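What follows is a short report on a single structure.
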Amino acid sequence: MPLTSSRRPLLSRRSLLAALGGTAVLGALGGCGVPAARVAPADRAVADESAGDRRLTWANWPLYIDTDDDDPNLRPTLEGFEKRTGITVDYVEEINDNDEFFGKISPALMSHRSTGRDLIVISDWMCARYVRLGWVQEMDRAHQPNVAGHLDPLLRSPAFDRGRRFTVPWQSGITGIAYNRRALGRDVRRVCDLWAKDLKGRVTLLSGLDESFALLMQGNGVDITRWTADDFHQVCDQVERQVHRGQIRRFTGNDYTKDLVSGDVLACQAYSGDVIQLQADNPDIRFVVPEEGAELWSDSLMIPDRARHKANAERLIDYYYVPEVAARLAAWVNYVCPVPAAREVLAAAKDKDTAALADNPLIFPDSAMRRRLAVARDITSAERPEFTRRWNGIVGL
(Lines give C-alpha, C1' and ligand atoms only; values in the text may rest on other atoms or scores of the structure.)
Protein backbone atom coordinates (compact mmCIF):
# COMPACT_ATOMS: atom_id res chain seq x y z
CA MET A 1 0.00 0.00 0.00
CA PRO A 2 2.01 3.08 -1.18
CA LEU A 3 1.93 6.11 1.06
CA THR A 4 0.69 8.93 -1.15
CA SER A 5 -1.67 11.85 -0.71
CA SER A 6 -4.95 12.23 -2.54
CA ARG A 7 -7.43 15.06 -2.78
CA ARG A 8 -11.08 14.41 -2.10
CA PRO A 9 -14.14 16.62 -2.60
CA LEU A 10 -14.80 19.14 0.13
CA LEU A 11 -17.25 17.96 2.74
CA SER A 12 -17.15 19.30 6.27
CA ARG A 13 -17.83 16.93 9.13
CA ARG A 14 -19.07 19.85 11.25
CA SER A 15 -22.75 19.58 10.46
CA LEU A 16 -25.29 22.36 10.61
CA LEU A 17 -27.50 22.39 13.72
CA ALA A 18 -31.05 21.31 13.11
CA ALA A 19 -33.94 23.66 13.68
CA LEU A 20 -34.92 24.60 17.22
CA GLY A 21 -37.53 21.91 17.62
CA GLY A 22 -35.03 19.11 17.10
CA THR A 23 -32.43 20.50 19.44
CA ALA A 24 -35.02 21.19 22.11
CA VAL A 25 -36.03 17.55 22.00
CA LEU A 26 -32.41 16.49 22.34
CA GLY A 27 -31.98 18.79 25.32
CA ALA A 28 -35.00 17.27 27.02
CA LEU A 29 -33.69 13.76 26.50
CA GLY A 30 -30.48 14.66 28.28
CA GLY A 31 -32.21 16.41 31.19
CA CYS A 32 -34.96 15.71 33.66
CA GLY A 33 -37.68 15.92 31.02
CA VAL A 34 -37.25 12.26 29.99
CA PRO A 35 -35.34 10.55 32.80
CA ALA A 36 -36.12 7.09 31.42
CA ALA A 37 -33.96 7.83 28.38
CA ARG A 38 -30.77 7.36 30.39
CA VAL A 39 -29.40 3.81 30.40
CA ALA A 40 -27.72 2.51 33.54
CA PRO A 41 -24.23 0.96 33.18
CA ALA A 42 -25.52 -2.52 33.92
CA ASP A 43 -27.95 -2.35 30.97
CA ARG A 44 -25.53 -1.27 28.24
CA ALA A 45 -23.77 -4.47 27.21
CA VAL A 46 -24.90 -7.79 25.77
CA ALA A 47 -22.93 -11.00 25.32
CA ASP A 48 -20.06 -10.18 22.96
CA GLU A 49 -20.06 -12.38 19.85
CA SER A 50 -16.69 -11.16 18.55
CA ALA A 51 -14.73 -14.37 19.16
CA GLY A 52 -17.12 -16.55 17.17
CA ASP A 53 -18.39 -13.98 14.68
CA ARG A 54 -15.47 -12.21 12.99
CA ARG A 55 -17.22 -9.13 11.73
CA LEU A 56 -18.54 -5.70 12.68
CA THR A 57 -20.71 -2.92 11.27
CA TRP A 58 -19.25 0.59 11.16
CA ALA A 59 -21.28 3.74 10.39
CA ASN A 60 -19.27 6.75 9.21
CA TRP A 61 -19.62 9.96 7.20
CA PRO A 62 -19.12 10.03 3.40
CA LEU A 63 -15.60 10.69 2.10
CA TYR A 64 -14.02 10.20 5.53
CA ILE A 65 -11.67 7.31 4.86
CA ASP A 66 -8.94 6.69 2.33
CA THR A 67 -9.96 5.17 -1.00
CA ASP A 68 -8.00 3.73 -3.90
CA ASP A 69 -7.17 6.27 -6.61
CA ASP A 70 -8.44 3.94 -9.33
CA ASP A 71 -11.40 2.41 -7.52
CA PRO A 72 -13.27 4.53 -4.91
CA ASN A 73 -14.99 1.39 -3.63
CA LEU A 74 -11.66 0.10 -2.31
CA ARG A 75 -10.47 1.39 1.06
CA PRO A 76 -6.82 0.43 1.50
CA THR A 77 -6.44 0.91 5.26
CA LEU A 78 -9.71 -0.88 5.96
CA GLU A 79 -8.74 -3.76 3.70
CA GLY A 80 -5.44 -3.91 5.57
CA PHE A 81 -7.32 -4.38 8.84
CA GLU A 82 -9.44 -7.16 7.38
CA LYS A 83 -6.38 -9.01 6.06
CA ARG A 84 -4.46 -8.56 9.30
CA THR A 85 -7.26 -9.70 11.62
CA GLY A 86 -9.65 -11.83 9.57
CA ILE A 87 -12.48 -9.54 10.71
CA THR A 88 -14.91 -8.46 7.99
CA VAL A 89 -16.12 -4.86 8.21
CA ASP A 90 -19.48 -3.74 6.86
CA TYR A 91 -18.59 -0.09 6.26
CA VAL A 92 -21.67 2.12 5.80
CA GLU A 93 -21.47 5.79 4.82
CA GLU A 94 -24.80 6.73 6.33
CA ILE A 95 -24.07 9.70 8.63
CA ASN A 96 -24.75 13.04 6.97
CA ASP A 97 -25.81 15.11 9.98
CA ASN A 98 -25.30 14.61 13.72
CA ASP A 99 -28.89 15.45 14.67
CA GLU A 100 -30.39 13.39 11.88
CA PHE A 101 -28.39 10.31 12.84
CA PHE A 102 -29.19 10.83 16.52
CA GLY A 103 -32.88 10.75 15.62
CA LYS A 104 -32.34 7.64 13.52
CA ILE A 105 -30.82 5.47 16.27
CA SER A 106 -32.22 7.04 19.46
CA PRO A 107 -35.46 4.99 19.51
CA ALA A 108 -33.45 1.77 19.76
CA LEU A 109 -31.01 3.14 22.33
CA MET A 110 -33.62 4.54 24.68
CA SER A 111 -35.56 1.27 24.38
CA HIS A 112 -32.50 -0.81 25.32
CA ARG A 113 -32.30 -2.39 21.86
CA SER A 114 -29.38 -2.85 19.46
CA THR A 115 -28.88 -0.21 16.77
CA GLY A 116 -27.44 -2.82 14.41
CA ARG A 117 -24.13 -0.95 14.46
CA ASP A 118 -20.96 -1.78 16.38
CA LEU A 119 -19.12 1.46 15.74
CA ILE A 120 -20.21 5.03 14.93
CA VAL A 121 -18.39 8.33 14.26
CA ILE A 122 -20.00 11.41 15.78
CA SER A 123 -18.86 15.00 16.41
CA ASP A 124 -17.70 15.48 19.98
CA TRP A 125 -20.36 18.03 20.90
CA MET A 126 -22.94 15.38 20.09
CA CYS A 127 -20.86 12.59 21.63
CA ALA A 128 -21.36 14.40 24.91
CA ARG A 129 -25.09 13.65 24.75
CA TYR A 130 -24.55 9.96 24.05
CA VAL A 131 -22.14 9.73 26.98
CA ARG A 132 -24.45 11.54 29.40
CA LEU A 133 -27.39 9.41 28.34
CA GLY A 134 -25.42 6.21 28.85
CA TRP A 135 -25.94 5.20 25.23
CA VAL A 136 -22.35 4.13 24.54
CA GLN A 137 -20.11 1.57 26.20
CA GLU A 138 -16.85 2.12 28.03
CA MET A 139 -13.91 0.77 26.05
CA ASP A 140 -11.32 -1.65 27.36
CA ARG A 141 -7.93 0.00 26.95
CA ALA A 142 -6.29 -3.38 27.52
CA HIS A 143 -7.46 -4.09 23.95
CA GLN A 144 -6.15 -0.72 22.71
CA PRO A 145 -2.44 -0.26 23.45
CA ASN A 146 -1.95 1.98 20.43
CA VAL A 147 -4.70 4.35 21.53
CA ALA A 148 -3.18 4.47 25.01
CA GLY A 149 0.28 5.16 23.61
CA HIS A 150 -0.37 7.45 20.65
CA LEU A 151 -3.49 9.59 21.25
CA ASP A 152 -2.61 13.29 21.12
CA PRO A 153 -2.36 14.70 24.67
CA LEU A 154 -4.48 17.70 23.64
CA LEU A 155 -7.39 15.33 22.95
CA ARG A 156 -7.08 12.94 25.88
CA SER A 157 -9.53 14.40 28.37
CA PRO A 158 -12.40 16.57 27.10
CA ALA A 159 -14.86 17.86 29.70
CA PHE A 160 -17.61 15.45 28.64
CA ASP A 161 -15.43 12.31 28.71
CA ARG A 162 -12.51 12.58 31.11
CA GLY A 163 -9.83 10.12 30.10
CA ARG A 164 -11.66 9.26 26.85
CA ARG A 165 -13.28 6.20 28.41
CA PHE A 166 -16.20 6.19 25.94
CA THR A 167 -14.85 8.02 22.88
CA VAL A 168 -11.71 7.93 20.72
CA PRO A 169 -11.03 10.68 18.13
CA TRP A 170 -11.26 9.54 14.53
CA GLN A 171 -10.04 12.81 13.03
CA SER A 172 -9.73 16.33 14.41
CA GLY A 173 -9.82 19.83 13.01
CA ILE A 174 -9.50 23.48 13.90
CA THR A 175 -12.16 26.16 13.66
CA GLY A 176 -10.30 29.34 12.79
CA ILE A 177 -10.41 32.10 10.20
CA ALA A 178 -9.86 31.80 6.45
CA TYR A 179 -9.20 34.84 4.29
CA ASN A 180 -8.02 35.83 0.82
CA ARG A 181 -4.67 37.55 1.39
CA ARG A 182 -4.35 38.98 -2.12
CA ALA A 183 -7.88 40.37 -2.30
CA LEU A 184 -7.84 41.78 1.23
CA GLY A 185 -4.34 43.17 0.97
CA ARG A 186 -3.40 42.46 4.56
CA ASP A 187 -3.25 39.67 7.10
CA VAL A 188 -5.89 38.67 9.61
CA ARG A 189 -4.43 37.97 13.02
CA ARG A 190 -7.22 38.34 15.57
CA VAL A 191 -10.93 37.53 15.80
CA CYS A 192 -11.74 41.23 16.11
CA ASP A 193 -10.19 41.77 12.67
CA LEU A 194 -13.42 40.34 11.25
CA TRP A 195 -15.18 43.52 12.36
CA ALA A 196 -12.84 45.90 10.47
CA LYS A 197 -14.45 48.52 8.22
CA ASP A 198 -12.83 47.19 5.05
CA LEU A 199 -14.59 43.85 5.59
CA LYS A 200 -18.11 45.24 5.91
CA GLY A 201 -20.50 42.87 4.14
CA ARG A 202 -17.64 40.54 3.20
CA VAL A 203 -17.62 38.29 6.31
CA THR A 204 -19.46 35.03 7.01
CA LEU A 205 -19.87 33.14 10.27
CA LEU A 206 -20.89 29.53 10.75
CA SER A 207 -24.58 29.12 11.47
CA GLY A 208 -24.35 26.07 13.71
CA LEU A 209 -24.33 26.95 17.39
CA ASP A 210 -21.88 24.25 18.42
CA GLU A 211 -19.55 25.06 15.55
CA SER A 212 -19.39 28.83 15.97
CA PHE A 213 -19.47 29.99 19.56
CA ALA A 214 -16.06 28.87 20.85
CA LEU A 215 -13.89 30.86 18.44
CA LEU A 216 -15.94 34.01 19.08
CA MET A 217 -15.54 33.56 22.82
CA GLN A 218 -11.80 33.15 22.40
CA GLY A 219 -11.79 36.53 20.69
CA ASN A 220 -12.99 37.91 24.01
CA GLY A 221 -10.19 36.23 25.91
CA VAL A 222 -12.44 33.51 27.34
CA ASP A 223 -11.03 30.13 28.40
CA ILE A 224 -13.35 27.93 26.36
CA THR A 225 -12.68 24.92 28.54
CA ARG A 226 -14.71 26.64 31.30
CA TRP A 227 -16.90 29.27 29.69
CA THR A 228 -20.08 30.57 31.36
CA ALA A 229 -23.57 31.63 30.30
CA ASP A 230 -22.49 35.26 30.58
CA ASP A 231 -19.68 34.56 28.09
CA PHE A 232 -22.20 33.07 25.68
CA HIS A 233 -24.61 36.00 25.87
CA GLN A 234 -21.76 38.47 25.44
CA VAL A 235 -20.89 36.78 22.14
CA CYS A 236 -24.53 36.88 21.05
CA ASP A 237 -24.71 40.60 21.84
CA GLN A 238 -21.60 41.22 19.76
CA VAL A 239 -22.83 39.21 16.79
CA GLU A 240 -26.21 40.95 16.89
CA ARG A 241 -24.46 44.32 16.67
CA GLN A 242 -22.42 43.17 13.68
CA VAL A 243 -25.54 41.88 11.94
CA HIS A 244 -27.30 45.21 12.45
CA ARG A 245 -24.37 47.21 11.07
CA GLY A 246 -24.18 45.00 7.97
CA GLN A 247 -20.76 43.53 8.74
CA ILE A 248 -21.84 39.92 8.31
CA ARG A 249 -22.85 38.93 4.79
CA ARG A 250 -24.60 35.76 5.96
CA PHE A 251 -24.39 32.71 8.19
CA THR A 252 -23.36 29.53 6.44
CA GLY A 253 -22.94 25.81 6.58
CA ASN A 254 -20.10 24.31 4.58
CA ASP A 255 -21.01 26.50 1.61
CA TYR A 256 -18.78 29.27 2.97
CA THR A 257 -16.10 27.80 0.72
CA LYS A 258 -18.00 28.89 -2.39
CA ASP A 259 -18.22 32.49 -1.17
CA LEU A 260 -14.52 32.56 -0.35
CA VAL A 261 -13.48 31.13 -3.71
CA SER A 262 -15.77 33.46 -5.67
CA GLY A 263 -14.50 36.54 -3.85
CA ASP A 264 -17.90 37.49 -2.46
CA VAL A 265 -16.40 36.95 0.98
CA LEU A 266 -12.91 38.01 2.04
CA ALA A 267 -12.78 36.48 5.54
CA CYS A 268 -14.82 33.86 7.33
CA GLN A 269 -15.03 31.29 10.07
CA ALA A 270 -13.62 28.12 8.54
CA TYR A 271 -12.44 24.57 9.15
CA SER A 272 -8.79 23.73 8.69
CA GLY A 273 -9.44 20.63 6.57
CA ASP A 274 -11.47 22.59 4.04
CA VAL A 275 -8.81 25.26 3.69
CA ILE A 276 -6.09 22.73 2.89
CA GLN A 277 -8.17 21.68 -0.10
CA LEU A 278 -8.88 25.25 -1.18
CA GLN A 279 -5.20 26.19 -1.00
CA ALA A 280 -4.33 23.53 -3.56
CA ASP A 281 -6.18 25.61 -6.16
CA ASN A 282 -5.68 29.08 -4.69
CA PRO A 283 -2.56 29.70 -2.58
CA ASP A 284 -3.84 33.21 -1.75
CA ILE A 285 -6.35 31.66 0.64
CA ARG A 286 -4.87 31.56 4.12
CA PHE A 287 -5.95 29.96 7.37
CA VAL A 288 -5.09 31.51 10.70
CA VAL A 289 -5.31 30.38 14.28
CA PRO A 290 -5.96 33.79 15.85
CA GLU A 291 -3.63 35.22 18.46
CA GLU A 292 -6.37 34.66 21.05
CA GLY A 293 -6.62 30.98 20.12
CA ALA A 294 -8.89 28.61 18.19
CA GLU A 295 -11.06 25.59 18.87
CA LEU A 296 -9.66 22.09 18.39
CA TRP A 297 -12.51 19.65 17.78
CA SER A 298 -12.89 15.98 16.97
CA ASP A 299 -15.23 13.51 15.37
CA SER A 300 -14.99 10.46 17.59
CA LEU A 301 -15.51 6.73 17.45
CA MET A 302 -18.03 5.23 19.89
CA ILE A 303 -19.44 1.77 20.52
CA PRO A 304 -23.22 1.96 20.99
CA ASP A 305 -25.03 0.10 23.74
CA ARG A 306 -25.83 -3.54 22.98
CA ALA A 307 -23.33 -3.72 20.13
CA ARG A 308 -22.71 -7.42 19.51
CA HIS A 309 -19.09 -7.12 18.36
CA LYS A 310 -17.52 -4.83 20.94
CA ALA A 311 -14.08 -6.48 21.04
CA ASN A 312 -13.88 -6.42 17.23
CA ALA A 313 -14.75 -2.71 17.25
CA GLU A 314 -12.12 -1.99 19.92
CA ARG A 315 -9.56 -3.80 17.82
CA LEU A 316 -10.40 -1.76 14.72
CA ILE A 317 -10.13 1.50 16.67
CA ASP A 318 -6.72 0.50 17.95
CA TYR A 319 -5.56 -0.44 14.44
CA TYR A 320 -6.15 3.13 13.26
CA TYR A 321 -3.82 4.35 16.03
CA VAL A 322 -0.86 2.44 14.59
CA PRO A 323 1.26 5.39 13.34
CA GLU A 324 1.75 3.90 9.86
CA VAL A 325 -1.99 3.43 9.43
CA ALA A 326 -2.80 6.86 10.86
CA ALA A 327 -0.32 8.38 8.40
CA ARG A 328 -2.01 6.75 5.40
CA LEU A 329 -5.38 8.05 6.56
CA ALA A 330 -4.03 11.55 7.24
CA ALA A 331 -2.51 11.71 3.76
CA TRP A 332 -5.96 11.25 2.31
CA VAL A 333 -8.39 13.13 4.58
CA ASN A 334 -6.09 16.10 5.39
CA TYR A 335 -7.63 16.84 8.79
CA VAL A 336 -5.67 17.25 12.03
CA CYS A 337 -4.23 13.82 12.77
CA PRO A 338 -4.93 12.62 16.35
CA VAL A 339 -1.75 10.51 16.21
CA PRO A 340 1.29 12.84 16.35
CA ALA A 341 3.64 9.89 15.78
CA ALA A 342 2.24 9.61 12.25
CA ARG A 343 4.16 12.77 11.35
CA GLU A 344 7.49 10.94 11.24
CA VAL A 345 6.01 8.28 8.98
CA LEU A 346 4.82 10.90 6.49
CA ALA A 347 8.12 12.77 6.63
CA ALA A 348 9.91 9.61 5.51
CA ALA A 349 7.59 9.04 2.53
CA LYS A 350 9.27 8.77 -0.89
CA ASP A 351 6.48 10.76 -2.53
CA LYS A 352 7.39 14.45 -2.27
CA ASP A 353 3.85 15.78 -1.85
CA THR A 354 3.12 13.22 0.83
CA ALA A 355 6.29 14.01 2.75
CA ALA A 356 5.37 17.70 2.67
CA LEU A 357 2.21 16.96 4.66
CA ALA A 358 4.38 16.26 7.70
CA ASP A 359 5.23 19.97 7.83
CA ASN A 360 1.68 21.20 7.34
CA PRO A 361 0.57 22.71 10.67
CA LEU A 362 -3.08 22.14 9.75
CA ILE A 363 -2.43 18.39 9.89
CA PHE A 364 0.26 18.36 12.56
CA PRO A 365 0.05 21.65 14.50
CA ASP A 366 3.47 22.94 15.54
CA SER A 367 4.26 23.79 19.15
CA ALA A 368 3.40 27.47 18.78
CA MET A 369 0.00 26.66 17.28
CA ARG A 370 -0.70 23.93 19.83
CA ARG A 371 -0.35 26.46 22.64
CA ARG A 372 -3.25 28.41 21.15
CA LEU A 373 -5.60 25.45 20.66
CA ALA A 374 -8.22 24.33 23.16
CA VAL A 375 -11.09 21.84 23.30
CA ALA A 376 -14.27 23.69 24.23
CA ARG A 377 -16.59 22.72 27.04
CA ASP A 378 -19.75 21.43 25.40
CA ILE A 379 -23.20 22.95 25.88
CA THR A 380 -25.09 21.05 28.56
CA SER A 381 -28.62 19.73 28.13
CA ALA A 382 -29.88 22.31 30.64
CA GLU A 383 -28.28 25.19 28.68
CA ARG A 384 -29.15 24.06 25.19
CA PRO A 385 -32.82 25.13 24.82
CA GLU A 386 -32.13 28.71 25.93
CA PHE A 387 -28.89 29.06 24.00
CA THR A 388 -30.36 27.56 20.85
CA ARG A 389 -33.31 29.96 20.93
CA ARG A 390 -30.97 32.91 21.34
CA TRP A 391 -28.52 31.86 18.62
CA ASN A 392 -31.13 30.77 16.08
CA GLY A 393 -32.95 34.06 16.53
CA ILE A 394 -29.77 35.87 15.46
CA VAL A 395 -28.80 33.67 12.51
CA GLY A 396 -32.36 33.19 11.25
CA LEU A 397 -32.73 29.45 11.65
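Table for the structure above
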item: Formal net charge of residues neighbouring Arg286 (Cβ-Cβ distance under 9 Å; K, R +1; D, E -1); result: -1
item: GNM result for the chain, Cα springs below 10 Å: residue of Arg129, Arg202, Arg245 fluctuating most strongly; result: Arg245
item: Three-way shape call for the range 193-234 based on the alpha-carbon gyration tensor, with the a/c threshold at 1.5; result: prolate
item: Span from the the range 67-82 Cα centroid across to the the range 140-173 one, whole angstrom; result: 25 Å
item: Listed residues His150, His244 arranged by accessible area, highest first, probe 1.4 Å; result: His244, His150
item: Accessible surface of Asp69 - all protein chains present, 1.4 Å probe, nearest 10 Å²; result: 110 Å²
item: Under 11 Å, Cβ to Cβ, from Asp53 - net charge with Lys/Arg +1 and Asp/Glu -1; result: 0
item: Residue among Ser123, Ser212, Ser367 with the largest mean-square fluctuation in a Gaussian network model of the chain, springs linking Cα atoms under 10 Å; result: Ser367
item: J(HN,Hα) series, the range 98-113, from Karplus relation 6.51 cos²θ - 1.76 cosθ + 1.60, nearest Hz, glycine and proline x; result: 4, 5, 4, 5, 4, x, 5, 9, 5, x, 5, 5, 6, 9, 6, 10
item: DSSP beta bridge pairing in the range 31-171, given as percent antiparallel to the nearest 5; result: 0 percent
item: Counting DSSP beta bridges with both ends in the chain, the antiparallel % (nearest 5); result: 60 percent
item: Carbon + sulfur, % of accessible area of the chain - ligands and nucleic acids excluded, 1.4 Å; result: 49 percent
item: Lysines whose Cα lies under 24 Å from that of Lys352, excluding same-chain neighbours fewer than 8 positions away; result: none
item: Derived scalar couplings ³J(HN,Hα) [the range 159-169; Karplus, 6.51 cos²θ - 1.76 cosθ + 1.60; whole Hz; x for Gly, Pro]; result: 4, 7, 8, 4, x, 6, 6, 10, 9, 9, x
item: Projected label distance in nm at Asp359 and Lys197, using a 7 Å step from Cα toward the beta-carbon; result: 4.1 nm
item: The range 115-158 residues near the modelled Arg55 label - backbone nitrogen below 15 Å, point 7 Å along Cα→Cβ; result: 116-119
item: Nearby lysines by direct alpha-carbon distance to Lys310 (threshold 28 angstrom, same-chain neighbours under 8 apart not counted); result: Lys83, Lys104
item: Spatially proximal lysines relative to Lys258 (Cα-Cα < 24 Å; intrachain offsets below 8 disregarded); result: Lys197, Lys200
item: Accessible area per residue in Å² at 1.4 Å probe, computed on the chain; result: 39 Å²
item: Net charge of Cβ neighbours under 14 Å - reference Arg370; Lys, Arg +1; Asp, Glu -1; result: +1
item: Most mobile of Thr257, Thr57, Thr228 in a GNM of the chain (Cα contacts under 10 Å); result: Thr228
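The values are calculated or read from the model by the stated rules, or taken from the named source; none is laboratory data. For clarity, every value in this text was computed on a predicted model and none was experimentally measured. Here the Cβ is made from the backbone with ideal geometry for all residues, glycine too, and neighbour counts use every protein chain on show. The area values use the complete protein model at the heavy-atom level, side chains included, leaving out ligands, DNA and RNA. Shrake-Rupley method; radii C 1.70, N 1.55, O 1.52, S 1.80 Å.
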